[in-house]
1. Within segment 99-116, is even one residue open to solvent by 80 Å² or more (accessible area, probe 1.4 Å) and under 18 Å from the mean Cα position of the chain (by Cα)?
2. Which one of the conditions (1) away from ligand 1 (no atom under 16 Å from the Cβ); (2) β-branched (V, I, T); (3) without any contact (Cβ under 8 Å) to a residue 40 or more places away in the chain; (4) under 20 Å from A50 (Cβ atoms) does I180 fail to meet, given that it meets all the rest?
3. Please indicate, with yes or no, whether at least one residue in segment 55-70 is within 16 Å of ligand 2 (Cβ to nearest atom) and either under 19 Å from I190 (Cα atoms) or open to solvent by 70 Å² or more (accessible area, probe 1.4 Å) (or both).
4. Within segment 152-261, considering only strands (runs of 3 or more DSSP E) that don't extend past its boundaries, which have at least 3 residues that are of a type outside the set (S, T, Y) and more than 14 Å from the chain's Cα centre (by Cα)?
5. Working only within segment 1-25, note down all residues that are open to solvent by 10 Å² or more (accessible area, probe 1.4 Å) and part of a strand (DSSP E or B).
6. Given the structure, is R142 touching a strand residue (DSSP E or B) at 6+ places or on another chain (Cβ under 9 Å), open to solvent by 10 Å² or more (accessible area, probe 1.4 Å), away from ligand 1 (no atom under 16 Å from the Cβ) and more than 22 Å from M52 (Cα to Cα)?
7. Which residue is farthest from L209 (Cα to Cα), if the candidates are limited to segment 159-176 and must be touching a strand residue (DSSP E or B) at 6+ places or on another chain (Cβ under 7 Å) and open to solvent by less than 10 Å² (accessible area, probe 1.4 Å)?
8. Which of the numbered conditions does S49 fail, given that it passes all the others? Conditions: (1) touching a helix residue (DSSP H, G or I) at 6+ places or on another chain (Cβ under 9 Å); (2) within 16 Å of ligand 2 (Cβ to nearest atom).
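The values are calculated or read from the model by the stated rules, or taken from the named source; none is laboratory data. As the structure is a prediction and not an experimental result, all values here were calculated from the model. Here the Cβ positions follow ideal geometry from the backbone for every residue, glycine too, while neighbour counts run over all protein chains shown. Accessible surface is based on the protein model in full, side chains and every heavy atom, while ligands, DNA and RNA are left aside. Shrake-Rupley method; radii C 1.70, N 1.55, O 1.52, S 1.80 Å.
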Amino acid sequence: MAGSTLEIKNLHVAIEGEEILRGVNLTIKGGEFHAVMGPNGTGKSTLASAVMGHPKYEITEGEVYIDGKDVLEMEVDERAQAGLFLAMQYPSEISGVTNSDFLRSSINARREEGDEISLMKFIKEMDGTMDLLEMDKNMAQRYLNEGFSGGEKKRNEILQLMMLKPAIAILDEIDSGLDIDALKVVSKGINQMRDENFGCLIITHYQRLLNYIAPDKVHVMMQGRIVKSGGPELAQRLEEEGYDWIKQELGIEDETVGQKA
Ligand SMILES: Nc1ncnc2c1ncn2[C@@H]1O[C@H](COP(=O)(O)OP(=O)(O)OP(=O)(O)O)[C@@H](O)[C@H]1O
Ligand SMILES: [Mg+2]
């Protein structure tokens, strides 16, 4: 079988009793790049966190499978072992753990005992990947994300992605805070991952990123659901016209979910 398949079926998620996701259906197969776009506060990051198993997000209905295995039954580390990866919109800082140690133990956590990556091989691979991402080598010895600039954090998420080689990755606003050159570098890294054993869900606000990373499918999220799907031309139209036409099509005024300010 070529690659893995992530299936999200009728997913409903609540936070502190309030329903945020209201029936998300999405299937991503190895080899496919999907983009999810949508206005602020419509549930995109909630989808990412719920699939990865963030404890705050309560699944009230629906199913998630990777290669037919029930993801919702798995602990967070088991989800990573099953091949899932999340690049967070706001990567957390972990003081006291170096970037390099974190990466190496993450890689080894996904390998059998006794089959750990050798230090030499690890360092060689990390150096090569950092070169490709044009990262300063001393970033490897700094504490994970601590004091990293916004753009450095995003680059570092892609370093993890490329080193861990997950089967399915969810990248939440990997383009936010990147300067123009960094956007190209990060896109180059993501594109290098493209093969039949890798599927990717790219959450983004901007068509700009999709000029570099061509999506196979584009989905629009509103009110905690995917309300429209299409090809790259859909992202193009959103860039030109915004979201009002979709709201008109749906006959809704408020696209968000959750509490209003
Ligand atoms: N941990 C949380 N605690 C309380 N409310 C939350 C939490 N996570 C999400 N929400 C609420 O759920 C709604 C959807 O948030 P979410 O972060 O999924 O939106 P989003 O589509 O990713 O928006 P953006 O484009 O701004 O990143 C918002 O109203 C948000 O305040
Ligand atoms: Mg978000």
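1. Within segment 99-116, none of the residues are open to solvent by 80 Å² or more (accessible area, probe 1.4 Å) and under 18 Å from the mean Cα position of the chain (by Cα).
2. Going through the list (1) away from ligand 1 (no atom under 16 Å from the Cβ); (2) β-branched (V, I, T); (3) without any contact (Cβ under 8 Å) to a residue 40 or more places away in the chain; (4) under 20 Å from A50 (Cβ atoms), I180 breaks only (4).
3. Yes, there is a match, as at least one residue in segment 55-70 is within 16 Å of ligand 2 (Cβ to nearest atom) and either under 19 Å from I190 (Cα atoms) or open to solvent by 70 Å² or more (accessible area, probe 1.4 Å) (or both).
4. Values: elements: 168-172, 199-203, 217-222, 225-230.
By residue number, 217-222, 225-230.
5. T5, E7, K9, N10, H12, I15, E18, E19, I20, R22, G23, N25
6. Yes; evaluated as a whole, the condition is true for this residue.
7. If we take residues in segment 159-176 being touching a strand residue (DSSP E or B) at 6+ places or on another chain (Cβ under 7 Å) and open to solvent by less than 10 Å² (accessible area, probe 1.4 Å), then P166 is farthest from L209 (Cα to Cα).
8. Only one criterion in (1) touching a helix residue (DSSP H, G or I) at 6+ places or on another chain (Cβ under 9 Å); (2) within 16 Å of ligand 2 (Cβ to nearest atom) is unmet by S49, namely (1).
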